[in-house]
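Trainee: Quick one: the structure is below, and I'll ask about it shortly.
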Amino acid sequence: MSTTQSAKENTSATSSSPAAPRTETVAIGTLTEPKAGFVRKLLRAQAFQIFLVLLVIVLIFGALAPTTFAQWSNFRLVLQNASILAILAVGMTFVSGVVSAMTMRAIGGDGWGVATIGILVSIASGILWGLFNGFLIAKGKIPPLIVTLGTLGITLGLAQILTGGVDIREVPLVLTTSIGYGNVFGTIPMLSVIALVVVVIGAIALRYTRFGLYTLAVGSSEIAARRVGVKVDAQLIRVYVVSGALAGLAGILSLSQFSTTAIAGQSQTNLNVIAGVVIGGTSLFGGVGTILGSVVGLFIPAVLQNGFVITGVQPFWQQVAVGAVLITAVYVDQVRRSAALRSGSQGLWRKFLSGGRQG
């Protein structure tokens, strides 16, 4: 489990300066825990706690609709939807899918040649939007929330302009049959296999690479990261480029599953992704988060959406439930952060300065 701490950093230039050193307090993430037994660590892990909440939700819907919800065919559908959420970094996804669909329609055909071009165009489009976001945030110093909300509106508008408000339905058949509804080992969705590969790569990158360590460092405190030599602006841009690439991938996967751009049907995807990641333990204050926790958290909005439909509850209640869970998750994160600041434990920056790897 990750916690946060405060650390004082000396900002005086040299000891010969006549002025007394000025200190500044910054919030710093830490990714280490006191030594404890396996069971105790497991019970304290937020990902495990969220998994228990998810299990309770599944059991409730299973009891309410045992003949429809508690079936492998339905769980498979939930798994497919959660797989796209697991890859998704919404802001750029819609326009990526639209540009890809328009490209494949212009070329024509149902084979892998056309599909491959569409996949590359979607990912490239996501990368460009990620680069645009990263530049505005890192160089323009515009708050990330404003930038991502702004580009979300821009991309949704552009998607509607490019399509004239009409969803594109000309999708190569091979995408739908092989990826959208393809299976591995008989019944495991291909979408989920792709998502698993992305998740594993992401988890390794976050935990064992310098890129992951720098990302956590910048999230904890940009000021402190700069002082230990991290090129913060470049790191921010790289992070948003990766996010954009994954958004492009999610866009083409969504196109494969639904065989249409389905722009209007994605109105709640943004909230679901944010809620799932925050519920899974990623701190809105930065510097704390795990890939496993995010994946577990993403299943909660996916299961709620599916369960409400099956049990006949109005779909609008899903928005209420996800919003309420999101607020609760942020509150819990804030309480944990305050407790960690009071504890004064150390972790990430000691690891960083020692040249180790952390995730």
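Trainee: What is the gain in length, in nm to one decimal, between Trp112 and Lys139 on full extension, counting 0.36 nm per residue of separation less the C-alpha to C-alpha distance?
Mentor: Contour length minus Cα-Cα distance gives 5.8 nm.
Trainee: Give the average over all directions of the projected area of the C-alpha convex hull of segment 192-306, one decimal, in nm².
Mentor: 7.7 nm²
Trainee: Okay, next question. If you consider only alpha-carbon coordinates, what radius of gyration and Dmax does segment 225-285 have, in Å?
Mentor: My reading of the Cα-based Rg and Dmax gives 15.7, 49 Å.
Trainee: Continuing with this model, one more query. So, taking all protein chains as they sit and a 1.4 Å probe, how much accessible area belongs to Glu222, in Å² rounded to tens?
Mentor: Around 80 Å² of this residue is reachable by solvent.
Trainee: Taking a probe of 1.4 angstrom, what is the accessible area of Arg76 in Å², to the nearest 10?
Mentor: Looks like 40 Å² after rounding.
Trainee: Shifting gears a bit: If Ile188, Ile50, Ile201 are ordered by their accessible area, calculated over protein heavy atoms with a 1.4 Å probe, which sequence runs from highest to lowest?
Mentor: Ile201, Ile188, Ile50
Trainee: Name the long-range amide H neighbours of Ala262: under 5 Å, sequence gap of 5 or more, or other chain; modelled H, no Pro or chain starts.
Mentor: HN-HN under 5 Å from Ala262: Ile168.
Trainee: Can I ask one more? Quick one, what does Rg over Rh come out to for segment 76-172 if you take C-alpha atoms and the Kirkwood Rh?
Mentor: With Rh from the inverse mean 1/r over Cα pairs, Rg/Rh is 1.02.
Trainee: If you don't mind, there's one more thing I want to ask. Excluding ligands and nucleic acids, what accessible area in Å² is computed for Trp72 using a 1.4 Å probe, to the nearest 10?
Mentor: Rounded to the nearest 10, that gives 120 Å².
Trainee: Whole-Hz ³J(HN,Hα) for each residue in segment 199-204, computed from phi via Karplus 6.51 cos²θ - 1.76 cosθ + 1.60 with θ = phi - 60°, x for glycine and proline: what do you get?
Mentor: Karplus values, whole Hz, x for Gly and Pro: 4, 4, 4, x, 5, 5.
The values are calculated or read from the model by the stated rules, or taken from the named source; none is laboratory data. Since the structure is predicted, the reported quantities are computational estimates derived from the model, not experimental observations. With ligands, DNA and RNA removed, areas are computed over all heavy atoms of the protein, side chains included. Shrake-Rupley method; radii C 1.70, N 1.55, O 1.52, S 1.80 Å.
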